[in-house]
1. Just the number, please: carbon plus sulfur as a percent of the accessible area of the chain, 1.4 Å probe, no ligands or DNA/RNA counted.
2. Would you work out the relative contact order for region 40-153, in percent, from Cα pairs under 8 angstrom that are 6 or more residues apart?
3. Give, in nm to one decimal, the length gained when the segment between Val259 and Leu42 is fully stretched (0.36 nm per residue of separation minus the Cα-Cα distance).
4. With every protein chain left in place, what is the accessible area of Trp109 in Å² (1.4 Å probe, nearest 10)?
5. Based on alpha-carbon atoms only, what is the radius of gyration of region 1-101 relative to the globular estimate 2.2 N^0.38 Å?
6. For region 44-195, take every pair of Cα atoms, bin their distances at 5 Å starting from 0, and report each bin as a whole percent.
7. Ignoring ligands and nucleic acids, what accessible area does Phe236 show with a 1.4 Å probe (Å², nearest 10)?
8. Search the structure for amide H atoms under 5 Å from the amide H of Ile113, placed 1.01 Å from N in the peptide plane, and list their residues when 5 or more places away or on another chain.
Amino acid sequence: MQSPQLYEGDASPEVRAVKRYLLVFLLLIVAPLIISAISYVLGDRRGNWQIADRSSAGLLPPPSERQDALGRVYAARTVRWRGIFAVHTWIVVKERGAPRYSRYDYTAWGEPIRIDGFAADGRWFGAIPQTVVSVDGEQAEKLIPKIRAVVENYKFRSYGDYSPWPGPNSNTFVQAVLNALPELKAVLPPTAIGKDYPYAGNWYGLTPSRTGVFVSLGGYVGVIIGWVEGIELNVFGGVLGLDIRRPALKLPGIGRLGVPTLA
């Protein structure tokens, strides 16, 4: 006797529902990456990165024209095809009355912590940076010593410590600084791959803002649920999530779609 063949119509409602949810989940992961890839192919980011523009993007005035203290976190699409998936982030500070800005990057070449290697608000190999965090005046004055302390004591500072995926990379470094400043309630973009790498060795705990919890399996897979951070599912570095406090979708490759974080 032949066994009856199972067709799609024979599946139980529960199985069909699971298949639909799985299909939607895969579309939410894959479709944004395809859109980001098309944007990369049709854009002007495929040129020779070695001669790409790294000049000031005009986001900051000359330091002599600004006496107040200042702190910034910038993000720009990273180099070549990696920019389909990720941004590079860095930190800029200036004490009150200081004659220059100080810029901190974490890079893949040489000693990873690079100080003043580029213009403070410079294009990242042609990509124009976006402001992620902005603090000024007395608030910046109070935070700058904490920022410098994290930079000086960051443990992944030797040759070979940098790892593009899952970390520690530039976004891990900047996230470590923001973790020391919970009062900022700052959140890196979902395209900041590496921000969820557990650099301190903690695979679970409170979120950086102390308003929620996280679980991370080595930065490869994880979940964040918090009032400030929103809901984020990390799948091999790509973040799919929802911001409730400032309504927005978080999509891999594309980033944030909704109310700006600096609004």
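The values are calculated or read from the model by the stated rules, or taken from the named source; none is laboratory data. Source: prediction; values computed, not measured. Every residue, glycine as well, gets a Cβ built from its backbone with ideal geometry; the counts of neighbours run over all protein chains shown. Ligands, DNA and RNA are excluded from the accessible area calculation, which covers all protein heavy atoms including side chains. Shrake-Rupley method; radii C 1.70, N 1.55, O 1.52, S 1.80 Å.
1. Numbers: 8620 of 14100 Å².
In the chain, the share of accessible area belonging to carbon and sulfur is 61 percent.
2. Computed over region 40-153, the figure is 34 percent.
3. Stretched out fully, the Val259 to Leu42 stretch lengthens by 75.5 nm.
4. 100 Å²
5. It is 1.99.
6. Whole-percent P(r) values from 0 Å outward: 2, 10, 19, 23, 22, 15, 7, 3, 0.
7. Using a 1.4 Å probe on the heavy atoms, I get roughly 130 Å².
8. It is Thr107, by chain and number.
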